[in-house]
Amino acid sequence: MAAAASPASLESAPRIMRLVAECSRSRARAGELRLPHGTVATPVFMPVGTQATMKGITTEQLDALGCRICLGNTYHLGLRPDSGGFQMVSLVSLSEVTEEGVRFRSPYDGDETLLSPERSVEIQNALGSDIIMQLDDVVSSTVTGPRVEEAMHRSVRWLDRCIAAHRRPDKQNLFAIIQGGLDAKLRATCLEEMTKRDVPGFAIGGLSGGESKEQFWRMVELSTSRLPKDKPRYLMGVGYATDLVVCVALGCDMFDCVYPTRTARFGSALVPTGNVQLKKKQYQKDFGPIDPDCTCPTCQRHSRAFLHALLHSDNTAALHHLTVHNVAYQLRLMSAVRASIVEQRFPEFVRDFMGTMYGDRTLCPPWATEALASVGITLG
């Protein structure tokens with residue numbers, strides 16, 4: 001990386017994170033994000049609505065479930081009236097990266113468009129979202145070699161361009177995105193450089209893209225160990241229940257993933273023991289709810305048998321009901337995690353969660369056991 005100028009100027013970033021409680025053993029924290037549109041309790045799972053709305057569920061239903069924050073996507077919203085550069089991975093066949101920015105061919109009409117750091121911020125300023133993300137140069141976590149280092153350094157340079165382009169720092173909170181792939185030295189360099197910039201929050205990017213869980217948790221742990229304690233830490237693209245619980249223990253505050261809504265569209269309902277595949281014949285005459293302990297509208301009103309029948313008749317109402325339930329499950333899980341931190345019983349919560357999820361907490365995946373042990377939580 002060529003010698004960089006001093007970090008781009010940014011008025012002293014507002015402290016949007018208020019810590020409420022910390023686990024005495026692990027790095028788990030409970031807090032509040034004080035945002036222009038309201039306060040968000042953390043740890044928090046943020047459902048993903050790529051074009052500012054989620055498939056199969058209305059904003060009114062999300063509000064009723066207790067959802068206080070969700071994601072949109074700058075690229076898609078910019079093309080057709082928050083994330084960083086993830087579309088560079090998911091739309092890799094349609095994009096080209098240069099120092100100027102990312103040039104896309106629209107998946108809608110084939111037209112070419114340039115998403116530069118400046119344009120990305122301009123779109124997000126216009127959208128008015130409480131949190132906006134820098135444009136980052138992100139490569140798949142399975143990529144190795146010089147491209148990873150190039151992307152990391154470019155992400156630092158693009159962060160400075162985003163800071164300079166940001167026109168509403170008093171109303172919108174710009175988050176940096178840590179890159180570096182699976183290389184600990186590159187991650188450490190990126191962390192050192194980006195934390196010099198006084199931005200309101202930091203995201204951990206470039207993970208959960210096909211790497212081993214062992215590699216995944218070690219990069220998360222490295223990142224949280226070097227991020228400021230008084231700012232939110234957002235782990236991008238993580239949504240499996242076990243991953244959420246483990247990464248809260250490692251010190252993460254915010255998460256997003258399409259998993260709960262996408263898996264609903266395949267007939268899968270999330271439960272404390274994993275998931276229920278409602279298309280299976282065994283549920284044809286099962287007149288109980290998906291989860292007897294769940295208070296969501298789906299579980300209160302509909303049986304597994306009813307949902308099974310809808311799924312086999314290709315009735316889209318089934319996908320709606322399952323989406324409501326799955327989002328409710330994720331929100332309820334994070335609420336329970338938060339309560340356990342506030343009440344200083346998080347390690348016990350983790351042990352109970354793993355025992356329920358795997359039948360016996362000693363059967364928890366080795367990577368999760370190892371990750372938890374690294375922050376003082378043992379499952380034996």
Cysteines in the chain that, by Cβ-Cβ distance, have no pairing candidate under 4.7 Å: Cys23, Cys67, Cys70, Cys162, Cys190, Cys257, Cys296, Cys364
Helix-only mean residue ellipticity at 222 nm for the chain, each DSSP H run of n ≥ 4 adding -39500 (n - 2.57), per residue, nearest 500: -12000 deg cm²/dmol
Filter on Lys213/Lys280; Lys55/Lys285; Lys55/Lys279 - keep pairs with C-alpha separation over 25 Å: Lys213/Lys280; Lys55/Lys285
Charge dipole (debye, nearest 20) of the chain; +1 at Cβ of Lys and Arg, -1 at Cβ of Asp and Glu: 760 debye
Spatial separation of Cα centroids for the stretch 226-279 and the stretch 293-362, in angstrom: 12 Å
Percent carbon-and-sulfur accessible area, the chain, ignoring ligands, DNA and RNA, probe 1.4 Å: 50 percent
Per residue solvent-accessible surface (Å²) - the stretch 335-380, probe of 1.4 Å: 46 Å²
Average accessible surface area per residue within the stretch 169-260, 1.4 Å rolling probe, Å²: 29 Å²
Cross-link partners of Lys231 among lysines (Cα-Cα below 23 Å; sequence separation of 8 or more within a chain): Lys171, Lys185, Lys196
The stretch 214-261, dipole about Cα centre (Lys/Arg Cβ +1, Asp/Glu Cβ -1), debye to the nearest 20: 200 debye
Where labels lie 7 Å past Cα in the beta-carbon direction, separation of Glu100 and Ser303 in nm: 6.3 nm
Label-point separation in nm, Glu192 to Asp63, each point 7 Å along Cα→Cβ: 4.8 nm
Label-point separation in nm, Lys229 to Glu32, each point 7 Å along Cα→Cβ: 2.0 nm
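The values are calculated or read from the model by the stated rules, or taken from the named source; none is laboratory data. In this text the structure is predicted, and so the values were computed from the model without any measurement. Glycine also receives a Cβ, built like all others from the backbone with ideal geometry; neighbour counts cover every protein chain displayed. We work out accessible area using only protein heavy atoms, side chains counted, and drop any ligands, DNA or RNA first. Shrake-Rupley method; radii C 1.70, N 1.55, O 1.52, S 1.80 Å.
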